[in-house]
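> Take this structure first; my questions come after.
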Amino acid sequence: MRFGPNEEQAALRTAIREMLAEHANAARAAYSRPDSRLWERMTGELGLTAVGVPEEYGGTGANFTDVAFVQEELGRALAPVPFFSSVVLATRVLLESGDAGILLPDMVAGKVLATAALVEAAGDWTFAELSTTARPDGDRWILNGEKHFVTDGTTADVLLVLAHAPQGPTLFAVRVAARVAMDALDATRPLSTVILRGSYGDLVGPPGGALPVLDRALRAASIALACEQAGGAAACLDMAVAYAKTREQFGRPIGSFQAIKHLLADVLVDNESASAAALYAAWALDHAPGEAPALANLCQAFNSDAYVAAAKANIQVHGGIGFTWEHDAHLHLRRAISARALLGPPEAHRERIADRILSAPTGESR
Amino acid sequence: MDLASTPRTEAFRCGVRRFLAEHLPPGWRGLGALSVAERARFTPRWRETLREHGYLGVAWPEEYGGAGLSTLEQSALQEEFVRAGVPLLPLPTDPFGFSLIGPTILRWGTEEQKRHFIPRILSGEHRWVQGYSEPDAGSDLFALRTSARLVDDAWVVNGQKVWQTAGDSANWIFVLARTEPSAARARGLSLLLVPIEQPGVEVRPIRTLTGEAEFCEVFFTDARTDAGHVVGARGDGAKVALTLLGYERGAASGALYAGYRVELERLIELIRSRGLDADAGVRRRLAWCWSKVEILRVLGLKTLASVQAGATPGPESSILKLYAAEYHARITELALDLLGSDAMVRSGDPGAAKIGVDPLGTPNSPSAWQHAFLTARAGTIYGGSSQIQRTTLGEQVLGLPREPRPEGGRT
């Protein structure tokens, strides 16, 4: 286990940071005129579509810690790019389905952008009641229903759709379907509704076998999102500390007051916890797979709360300027509160942890 | 920072497990399962067994009777002992001898001091307590007033120290005292080694909120100690006393984690036995506790990795202290919530109470959890209160400006 980046990871991190600095206005632009050039450059110049993907599909190798460091960096800058949708979520679904060969090479090459359309209007990540259906039609399948909260759903070339087939929940690759942009609270991660009205889909993975595939894929996605959240929380703390050092009231910097200092110290403790937990979980996914399911729930629940807390503290420390539209503090709060809901609320993740602990034999609650 | 669990460490861990399997009494269920009387019989015998097999003073160089273990090995050793529910530092005074004054003497002491004091810590002849806090110098430690002046060939000590854990069984105390009255605050202090068994030293028990006397206070009235019993240079006491606290926290994080795991298992049993395992609120709070303990493990691994990479533990160690103390206050409160109305009544075997996390085998009774809940209040105060830790983190890790001190009294 390594707690810092290796040389290659550090180099990539620096390159991402430099490119993001050149597109410093990208997050804010997402609220008016999105900057598609950033992702083109990240794909073309930095090769981010290959990160963490096994070499047989043209990737840099199956090392999830690589993904972790990229996500942390993108989260720090609120980068409005579809890395999570395509390189994490869709890629993990494909890898776990056993059918990665049909799409992944094109995704790595930057020719295809994919995302996953899994939940419906109720936002239920247990997929207990799917209303979207699929029926066979020769070699292909015909899908009907609506999918909601689909990240980057409007710009994706391919949607990996979960639908109820006669054999049970099944995944399909859909290229043509109506998409309607949702008015996302966090515009840096666009959300769409996907409307399937007799849309054609191609089978991904075994018919009726979607749930175990998604269980594993969402494990990885939860960890990656937790890394992104840790990065966002770190950025909030950096902003708040920088401001508290320079802003003066009552004749001294506000950071010298214990009321501010102790608030930020608590954020520091949670941030250190969040970052260490997510990085360890990412490592465990490759090297200690037995620990990964619980750690995925752990860091998704913990980091969701930590990011929201850091974003709120940042606004509080900035005082009046912190609640203006012009200040970036609210961009993090919007991202934090949305990311917390993205893969199911912390309570749902904690419920899964409790389930594991309380169903384990005495003394083996790990 | 790489944390490699090396084959050498794993072999060492296996050796520890073998030792425990061979030497623990048959049917061993953990120290917590022993009555007070059984514990009093077991502890000194166990200490002798540890000494015979080289498990005392493991961090110390071999030339002074230690085992010269690496931080990683110490951590593994502590963890295995906690899991087995058996003490690595059996006497209540041992943590102060082995984790505080021993390393401090080895780092700052003269060769003569090392040859004299270190073997006596190992043998148990010298039983140590700390003498830092005073009634008017708690969080503001360097406001301390206990004084020492050199008269002929001896230090003459006057003043009062407070919060001595195990003070009733100690016979030596390391005292941070003001020796240079003209120097400002921290610069006027020296660390002195003072024998307790003399007319000028009086030890009185302090009854805490649990009803038991877990701490003492110590009064010095013209108490004397040899002029040579100063560790480090005169006036360097603050630096000498505080440098090694970080190292101790680094190696102890694995044991802390293992101890919290033992406690959490006991809480899970409590939840099951009271039929609360389907209660949604209880389930979430349990998951929260489990998460905090697992994160503590990861934070501990990270600390170990940086120590292993040669970093000197600095103010970041306040993260672990703050995190652990606040967590422990929360989980013990959850336990009392689970007890419902039984939380109001002392009932069941209280176990052999102590400060800190209860060892394996501690009874799962209302009395034992009540004791844990009450003592957890002390955990966020002693060893630097949570507020002091937050100030340390804010100023020394985040680099926030210091609170203005009156009269420019910088420490």
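The values are calculated or read from the model by the stated rules, or taken from the named source; none is laboratory data. Predicted model only: the values in this text are computed from it and were never measured. Reconstructed Cβ throughout: ideal geometry from the backbone, glycine too, with neighbour counts over all protein chains shown. Accessible surface is based on the protein model in full, side chains and every heavy atom, while ligands, DNA and RNA are left aside. Shrake-Rupley method; radii C 1.70, N 1.55, O 1.52, S 1.80 Å.
> For region B:381-394, what does the Karplus curve 6.51 cos²θ - 1.76 cosθ + 1.60, with θ = phi - 60°, yield as ³J(HN,Hα) per residue in whole Hz, taken in order and with x for Gly and Pro?
After applying 6.51 cos²θ - 1.76 cosθ + 1.60, I find 10, 6, x, x, 5, 4, 5, 5, 4, 5, 5, 4, 5, x Hz.
> Can you give the average number of partner chain beta-carbon atoms within 10 Å of each beta-carbon in peptide A:295-308, as a whole number? Before the final figure, lay out the partial values.
Working: counts 4, 0, 2, 8, 4, 0, 4, 5, 0, 0, 1, 0, 0, 0.
The per-residue average across the peptide is 2.
> Could you do me a favour and compute the accessible area per residue for chain A, 1.4 Å probe, result in Å²? It would help to have the intermediate numbers written out before the result.
Numbers: 14240 Å² over 366 residues.
Each residue of chain A exposes 39 Å² on average to a 1.4 Å probe.
> By per-residue mean of other Cβ atoms within 10 Å, what is the highest-first order of B:342-348, B:189-195, B:118-124? Write out the running numbers ahead of the final one.
On the way: B:342-348: 13.1, B:189-195: 24.1, B:118-124: 17.9.
In decreasing order of mean packing, B:342-348, B:189-195, B:118-124 become B:189-195, B:118-124, B:342-348.
> Using a Cα-Cα cut-off of under 26 Å, which lysines could be cross-linked to A:K245, ignoring same-chain neighbours fewer than 8 residues away?
Partners found: A:K261, A:K312, B:K321.
> Then there's this: Other chains near A:276-282: what is the mean number of their Cβ atoms within 10 Å of each residue's Cβ?
Mean shielding count: 4.
> Give the average, rounded to an integer, of partner chain Cβ atoms located within 10 angstrom of each Cβ in A:268-274.
The per-residue average across the peptide is 6.
> Along each of the three principal axes of the Cα atoms of chain A, give the extent in whole Å, ordering the values from largest to smallest.
Cα spread of chain A along its principal axes, largest to smallest: 77, 56, 40 Å.
> Could I ask something else about it? Which value, to two decimals, describes the C-alpha radius of gyration of chain B once divided by 2.2 N^0.38 Å?
Numbers: Rg = 21.7 Å, N = 411, 2.2 N^0.38 = 21.7 Å.
Chain B yields a ratio of 1.00.
> For region A:115-208, state what percent of all Cα-Cα pairs lands in each successive 5 Å bin, counting from 0 Å until the bin that includes the largest distance.
Final binned percentages: 3, 16, 28, 25, 17, 8, 3, 1, 0.
> Now, a different point. Share of region A:212-359's accessible area from carbon and sulfur, percent, 1.4 Å?
Numbers: 2810 of 5000 Å².
That fraction is 56 percent.
> Pick out which of B:A166, B:A233, B:A148 has the largest mean-square fluctuation in a Gaussian network model of chain B, springs linking Cα atoms closer than 10 Å.
In this elastic network of chain B, the residue with the biggest mean-square fluctuation among B:A166, B:A233, B:A148 is B:A233.
> Still on this model: Looking at this model, which pairs from B:K292/B:K354; B:K239/B:K354; A:K147/B:K302 are more than 32 angstrom apart at the alpha-carbon?
Numbers: B:K292/B:K354 23 Å; B:K239/B:K354 30 Å; A:K147/B:K302 41 Å.
Violating the 32 Å limit, Cα to Cα: A:K147/B:K302.
> Same structure, new question: Debye calculation, C-alpha points only, no solvent: report log10 I(q)/I(0) for region B:292-333 at q = 0.17, 0.18 Å⁻¹, in the same order as the q values.
Calculated log10 I(q)/I(0) at the listed q: -0.49, -0.54.
> Using just the C-alpha positions of region A:212-359 as equal point scatterers, what log10 of I(q)/I(0) does the Debye formula give at each q in 0.12 1/Å?
So the normalised log intensities are -0.52.
> Does any residue of region A:247-265 lose at least 10 Å² of accessible area with all protein chains in place compared with its chain alone, and if so which ones (probe 1.4 Å)?
Correct list: A:R252, A:P253, A:G255, A:S256, A:Q258, A:K261, A:H262, A:L264, A:A265.
> Return one number: the angle in degrees, 0 to 90 and rounded to the nearest 10, between the long axis of the Cα atoms of helix A:7-22 and the longest principal axis of the Cα atoms of chain A.
Between the helix axis and the principal axis of chain A, the angle is about 80 degrees.
> Assuming a viscosity of 1.002 mPa s and a temperature of 20 °C, what translational diffusion coefficient in µm² per second does Stokes-Einstein assign to region A:7-112, Rh being the Kirkwood radius over Cα pairs? Walk me through the numbers on the way to the answer.
Details: Rh = 14.0 Å.
My calculation gives 153 µm²/s for D.
> Oh, and also: Amide H neighbours of A:R179 under 5 Å, at least 5 residues apart or on other chains, H built in the peptide plane: list them.
A:I195
> Using Cα pairs under 8 angstrom and six or more residues apart, how large is the relative contact order of chain A, in percent?
Values: 668 pairs, mean separation 57.8, N = 366.
So the answer I get is 16 percent.
> Could you tell me what fraction of 2.2 N^0.38 Å the Cα radius of gyration of region B:155-298 comes to, as a two-decimal ratio? Before the final figure, lay out each step's value.
Working: Rg = 22.0 Å, N = 144, 2.2 N^0.38 = 14.5 Å.
After normalising by residue count via 2.2 N^0.38 Å, the value is 1.52.
> Once neighbouring chains are kept in place and the probe is 1.4 Å, which whole percent of the accessible area of region A:7-112 is contributed by carbon and sulfur? Don't skip to the answer; put the middle values down first.
Details: 2010 of 4390 Å².
The nonpolar share, carbon plus sulfur, comes to 46 percent.
> Using the heavy atoms of the protein chains alone and a 1.4 angstrom probe, what is the accessible area of region B:36-84 per residue in square angstrom?
On the way: 2250 Å² over 49 residues.
Per-residue value: 46 Å².
> Please report the Cα spread of region B:1-160 along all three principal axes, rounded to whole Å, starting with the longest.
54, 42, 31
> I would also like to ask the following. Counting protein heavy atoms only and a 1.4 angstrom probe, how many square angstrom of accessible surface do chains B and A bury in total, to the nearest 100? Provide the component values of the computation, followed by the final result.
Details: alone 19490 and 16270 Å², together 31650 Å².
Its buried surface, counting both partners, is about 4100 Å².
> While we're here: Starting with the highest mean, order A:137-145, A:187-195, B:152-160 by the number of other Cβ atoms within 10 Å, averaged over the residues of each peptide. Write down the numbers at each step before the final one.
Values: A:137-145: 15.6, A:187-195: 21.0, B:152-160: 17.1.
With the highest mean Cβ count within 10 Å placed first, the list reads A:187-195, B:152-160, A:137-145.
> First compute the accessible area of chain B with a 1.4 Å probe, then give the percent of it belonging to carbon and sulfur atoms.
Heavy-atom surface of chain B belonging to carbon and sulfur, 1.4 Å probe: 53 percent.
> Just order B:390-400, A:219-229 by mean Cβ neighbour count inside 10 Å, highest at the front, would you? Walk me through the numbers on the way to the answer.
Numbers: B:390-400: 20.6, A:219-229: 29.1.
Those peptides, ordered most packed to least, come out A:219-229, B:390-400.
> Taking only the alpha-carbon positions of region B:311-411 and ignoring solvent, what does the Debye formula give for the base-10 log of I(q)/I(0) at q = 0.12, 0.23 Å⁻¹?
The calculated log intensity ratios at q = 0.12, 0.23 Å⁻¹ are -0.53, -1.15.
> Here is a follow-up. Tell me, what are the semi-axes, in whole angstrom and largest first, of the equivalent ellipsoid of the protein assembly as shown as set by the roots of 5 times the Cα gyration tensor eigenvalues?
Numbers: eigenvalues 582, 179, 108 Å².
After diagonalising the Cα gyration tensor, the semi-axes are 54, 30, 23 Å.
> So, one more: Where both residues lie in region A:115-208, what percent of DSSP beta bridges are antiparallel, nearest 5?
Numbers: 29 of 33 bridges.
Roughly 90 percent of the DSSP beta bridges within region A:115-208 come out antiparallel.
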